[in-house]
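See below for the structure under consideration.
Each value in this text was obtained by applying a stated rule to the coordinates, not by laboratory testing. Every value quoted in this text rests on a predicted model; they were computed, and no experiment measured them. We place every Cβ from the backbone using ideal geometry, glycine too, and count neighbours over all the protein chains shown.
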């Protein structure tokens, strides 16, 4: 038994001299008294941060005879703060503020995009009605109909409403904050945006062309008015198609 | 929304509004009516002078049958209707006056009416007693 204890002690001394921290293998070993390690620090090569404060409890004598382990408040060699206490506190505060402000932005974005969706669906319904009534108007005036213009006023009221709704829908989309940066990639969001841009171009073209057509008709000028009305008709249905794609992309 | 982002959106919206207003003003300033006649005949007739003017400014709606919500109680595409239906001759006094006063065509209020030469020609036609 005495020989076994001697071998164990010898092995422990060798291991300690080789710089292999036994206690460090247990990651949560408490640091020991500085006095126990002071003699070693001069001899040992620089260690990693995790091993530096650890000492070999077996380097002195037998465990029963070892001095009591007194955890130090600040381990030797690690008495520094990477960022400084103030910086760390301010960084934490900034991080908390950022998270809070991002949450507010997310809530605003959600609210505005929900309104955008509601307005968008309403606009889509009005655009469908405008196209149908507009086609009836075109057939009446230029497609061999009575020419009485029974659909002129309903068509005008519908397109004024549609234009107003479309503008409001676009404003809600443009004013929605973007708390996160998204990489540009082809997905339903990008398809929705491309279709919305196409619909916007179509609406602007419809307003301009519709104004020119109506003004020309009000001037009593028959030159090219049927062709302008035809182009107006085609662009209207194309715009409705863009709106349908935008709505479908949002849905799926 | 943060202030810089709000300012960015407002600036974007302002540019868009200015652009749309510029387009609207540009369209408003454009003329979509037929150009004025070049010369004023001293003694115009309906078939040679007045009917082409009416075709450029009036017959889109006031032909036969009337279209685009125009009144159906008269027609301007003929001098006199064979069936006695009120035509250009019977309505001459009224339609010449409405053209002179820029009541017709509807876009005359926006500057797309009959030009000064056309109005002068209609005056001469009226002075001669609305000849055929």
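Expressed in units of 2.2 N^0.38 Å, where N is the residue count, the Cα radius of gyration of the range B:35-124 is 1.03.
Under the simplified labelling scheme, the residue A:185-residue A:90 pair shows an inter-label distance of 3.7 nm, with each label point 7 Å from Cα along Cα→Cβ. For residue B:81 and residue B:128, the FRET efficiency from 1/(1 + (r/R0)^6), where r spans their Cβ atoms and R0 equals 22 Å, is about 0.55. Relative to a virtual label point 7 Å from the Cα of residue A:100 in the Cα→beta-carbon direction, which members of the range B:1-29 show backbone nitrogen distances below 17 Å? Only B:1-3 fall inside the zone, counting backbone N under 17 Å. One chain, two ends: residue A:194 and residue A:223. Fully extended at 0.36 nm per residue, the span grows by 6.9 nm beyond their Cα-Cα distance.
Remark: spin-label model distance residue B:91-residue A:211 equals 3.1 nm, labels positioned 7 Å along the Cα→Cβ axis.
Shielding of peptide A:220-227 by partners, expressed as the average count of other chain Cβ atoms within 10 Å per residue Cβ, is 6.
Look at the stretch A:211-218: the mean tally of other chain Cβ atoms within 10 Å of its residues' Cβ atoms is 6.
The modelled label-to-label distance between residue A:171 and residue B:72, using points 7 Å beyond Cα along the C-beta direction, is 4.3 nm. With R₀ fixed at 35 Å, the C-beta to C-beta distance from residue B:10 to residue B:38 puts the FRET efficiency at about 0.10. Between residue B:102 and residue B:20, the FRET efficiency estimated from the beta carbon spacing at R0 = 30 angstrom works out to 0.60. Within 10 Å of the Cβ of each residue in A:143-150, the mean number of Cβ atoms contributed by other protein chains is 3.
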